[in-house]
Amino acid sequence: MELIALDFDVLTLAAISLGGIGKTLSVVLGLGMVIFFHELGHFAVAKWCDVHVERFSIGIGPIIWSRQKGETEYALSALPFGGYVKMLGQDDMDPNQMTSDEIAENERSYSAKKVWQRMAIISAGVIMNVITGFMFFAIAYRFGVVELVPMVGNVHAGSPAWEAGIRDGDMIRSINGDSIQNFTDINQAVVLSSGSVSIDGDHADGSPFSTVIMPKLGKTVRMIGVAPTLTTHLSTQIADPESITIHGLAAENASRPFLPGDRVVAVNGESVRYLHEMAYLTSKYASDEVTYTVQRPVTSGDDAAPSGDFETIEILVPPKPMKSLGIWMAIGPVTSIVKGSIADEAGLRLDDLITKVDDLTVSKDIDPLRLPNYFAKHVGIPVAVTVTRQTEDKGDVETILTMIPSDASGWSERPMTITAPLPISAVGAGIHVQPRIAHIVQGSEAAMDSKLKVDQKISSIELQHADPQNIVKDILGDEVAAKKIDLANLDVDEQAPGEPNWAYVFSIVQQVPNRHVRVHVASAADDGGGFATVLKESRPEQDWFMPLRGIDGFDRETRVREAESWGEAASLGLRHTKNSGINIYMTLRSLVQGNLSVKALSGPLGIVSIGYMVADHGTTKLLMFLGFLSINLAVLNFLPIPILDGGHMVFLIWEAVARRKPSPQIINLAHGVGLVFIISLFVFVMYLDIFVNRLGFGG
């Protein structure tokens, strides 16, 4: 049974270097238990079948401690890559033992036992892992498992969910007929699906909905574009209160600071509970000073511990104008339409080009980035939208559509990726904005730069600190002097049809304040090369304001599922065990079908990193994680791969059907191939951890 835990217990080495002795020990001991119980299953059934067990080892390689008790040596080995039970007549490193006639003459050897007995011994480790996983889950549910509520907190513009009409505040009840208990269930159901998914739930206003969505394959997994709900409670775990207000944004100039533990209960007198409700009101009052009504814990004593009481305070945050670079980009086609939206019912189609709104020519009389605000300002008022539509028989045809916008604010939604559309929320459409200059604003710094011309294409921009030594951590999480956004060489895995959207670049410029913008212009066929120019002054717009105020660190909306009895805990644990096994199988299927990228896999460092993080969130989180690892080990170890338990089972089935053992040559070849595969897989997932997922032993 050597190497059966190759992918899991190597984590012990990594854990030691991550700091936090208590958490490290809990992760190491937990993972060790998973390995121990697996080997204990093999050991116990082997003893029951009267097999001579020569050694029971936790770890592999050179023995660093051992004790002989009876006929069995109990050992700890130097390399914590797994464990093994060494039986007479069964040794993965010497497959000839299984076909040796001399060893088989010993009635206590593994190879002398009947096929059904050897099957029982081989499967015992897997069965024990299933039992162990079930126990971990049941104990966790008895003490209470914190789960994310299956409420949608954010829908990415242009995503399948956005086009299907799912919105912030919607509660998802089932996917493909399977009940959804928490937000993790949503992600798993989508990731492990094939084809379209049927989603049922309730809108924020209580009305039911049912829709069918075709997920898209993102960088690693299938997705529909939804994120969990955040509350308006600022986490008490925030170590640095100054990090709550994002440097350079409006909240930095608030009348008084926000603090960890604060809960925003109203915005301009309107009650809020969730962050998406607060964001809606912040967007609605983008041009006004906003009053946040906050409940703040009252502290007592020298240790500043909360007393349990709250005080109600008001924090005023001024508006902050959008920043203009002095260049307007060319309008691109419509790339996304919400089903049943105002735009959809008005007859807008994908690939339509919006050329005019009322009497304003887009990219000449109005910046296309202002279209979300233009429609928002005309709530309830008909807007004439002129579009150019390509037809097969008549070529480009100009069509005028009439839309009456809703009360959704401009830029209340924004593109979350470089290829996502700019959402015009008031009508339910998403547009592309090309990185090609269509207009240069008179009097701007860009107009004073003789090198910038209309029709030039922007290949990339860099957001640089005026003082390269002044390196601060901004909203993007950068701790470098410059943030570069490449518009020419996108990662193939994240590139959507069409060019990158300039609206995303503009959004990032707004969120990263106090930067010089270095604009790189692509070379044209007639000028012999491209160039770069620096725009140092991004002048504020007079009638266009940021919907963001720059407050960060809100808690997720969670609930505790605590079993009221051990019977209920066992029922929940059994359900979670079944679902975990199915999900692991579906994960393997998705990998084979190409619905899941191999980049989503985690190796030893990834697993210990997750274990270390969940240990931060309490014992029940760690128990759930160890339960998942137990089921994971059970399923993967029973795959028909030589030297794993599943490979041994294949040979036993062969022997039972053919009534003879496979030849030593076949076993040796199979074990050699299996060992190469396992080592290759180990090297591959280590590569993913270190070079793709950027995990390691240092900072």
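The values are calculated or read from the model by the stated rules, or taken from the named source; none is laboratory data. This structure is a prediction, so every number in the text was calculated from the model and none was measured. Neighbour counts run over all protein chains shown; Cβ positions are idealised from the backbone, glycine included.
Some notes on this structure:
- Selection status of GLY340, surrounded by fewer than 16 Cβ atoms within 10 Å (Cβ to Cβ), within 30 Å of ARG389 (Cβ to Cβ) and small (Gly, Ala, Ser): yes
- Restricting the search to strands (runs of 3 or more DSSP E) fully inside region 127-221 and requiring at least 3 residues that are over 23 Å from LEU350 (Cβ atoms), under 18 Å from the mean Cα position of the chain (by Cα) and not acidic (Asp, Glu) gives 152-155.
- Residue check: ASN129 meets all listed conditions (1) surrounded by 20 or more Cβ atoms within 10 Å (Cβ to Cβ); (2) more than 30 Å from TRP654 (Cα to Cα) but one, namely (2).
- ASP616 being in contact with a helix residue (DSSP H, G or I) (Cβ under 9 Å, 6 or more places away or on another chain), of a type outside the set (Ser, Thr, Tyr) and at pLDDT 80 or above: no
- Criterion (modelled with pLDDT under 90 and not aromatic (Phe, Trp, Tyr)) met by exactly one of ALA140, ALA157, ALA104: ALA104
Yes/no matrix, rows are residues, columns are (1) outside the structural domain of SER523 (by TED's automatic domain parsing); (2) part of a strand (DSSP E or B); (3) modelled with pLDDT of 90 or more; (4) crowded, with 20+ Cβ neighbours inside 10 Å:
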| residue | (1), (2), (3), (4) |
| --- | --- |
| TRP411 | no, no, yes, yes |
| ILE437 | no, yes, yes, yes |
| GLY443 | no, no, no, no |
| ILE461 | no, yes, no, yes |
| GLN464 | no, yes, no, no |
| ILE471 | no, no, no, no |
| LEU476 | no, no, no, no |
| LEU490 | no, no, no, no |
| GLY498 | no, no, no, no |
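- Filtering ILE342, ILE337, ILE331 for residues that are within 30 Å of SER271 (Cβ to Cβ), modelled with pLDDT of 95 or more and assigned by TED's automatic domain parsing to the domain that holds ARG414 leaves a single hit, ILE342.
- Qualifying residue in region 644-654 (condition: assigned to a loop (DSSP other than H, G, I, E, B) and closer than 27 Å to MET128 by Cα): yes
- Scanning region 283-318 for residues that are modelled with pLDDT of 95 or more and among the β-branched types (Val, Ile, Thr) yields VAL290, THR291, THR293, VAL294, THR312, ILE313, ILE315, VAL317.
- Flag if LEU452 is in the same structural domain as ARG370 (by TED's automatic domain parsing), at pLDDT below 80 and assigned to a loop (DSSP other than H, G, I, E, B): no
- Qualifying positions in region 236-253 - β-branched (Val, Ile, Thr) and within 20 Å of THR291 (Cα to Cα): ILE244, THR245, ILE246
- GLU568 being at pLDDT 90 or above and more than 30 Å from PRO257 (Cβ to Cβ): yes
- Each residue in region 660-687 was checked for being buried (at least 16 other Cβ atoms within 10 Å of the Cβ) and either of a type in the set (Val, Ile, Thr) or not assigned by TED's automatic domain parsing to the domain that holds TRP116 (or both), and 3 pass.
- Taking each residue of region 116-131 that is outside the structural domain of VAL635 (by TED's automatic domain parsing) and modelled with pLDDT under 90 and looking for partners that are surrounded by fewer than 18 Cβ atoms within 10 Å (Cβ to Cβ) and basic (Lys, Arg) with beta-carbon atoms closer than 7 Å, six or more apart or interchain, yields nothing.
- Single unsatisfied condition, ARG559 versus (1) at pLDDT 85 or above; (2) basic (Lys, Arg); (3) more than 25 Å from the chain's Cα centre (by Cα): (3)
- The single condition from (1) in contact with a helix residue (DSSP H, G or I) (Cβ under 9 Å, 6 or more places away or on another chain); (2) closer than 18 Å to ILE437 by Cα that LYS364 fails is (1).
- SER243 vs. criteria in a helix (DSSP H, G or I), in contact with a Gly (Cβ under 9 Å, 6 or more places away or on another chain) and of a type in the set (S, T, N, Q): yes
- Inclusion of SER324 among residues that are over 15 Å from VAL433 (Cβ atoms) and out of contact with any Gly (no Cβ under 8 Å at 6 or more places or on another chain) is not warranted.
- Residue within region 534-546 that is of a type in the set (Gly, Ala, Ser), modelled with pLDDT of 90 or more and in a loop (DSSP other than H, G, I, E, B) present: no
- Counting the residues of region 247-291 that are of a type outside the set (Ser, Thr, Tyr), crowded, with 21+ Cβ neighbours inside 10 Å and within 15 Å of PRO318 (Cβ to Cβ) gives 7.
- Residue-level analysis places SER523 among those that are in a loop (DSSP other than H, G, I, E, B) and either of a type in the set (A, V, I, L, M, F, W, C) or outside the structural domain of ALA189 (by TED's automatic domain parsing) (or both).
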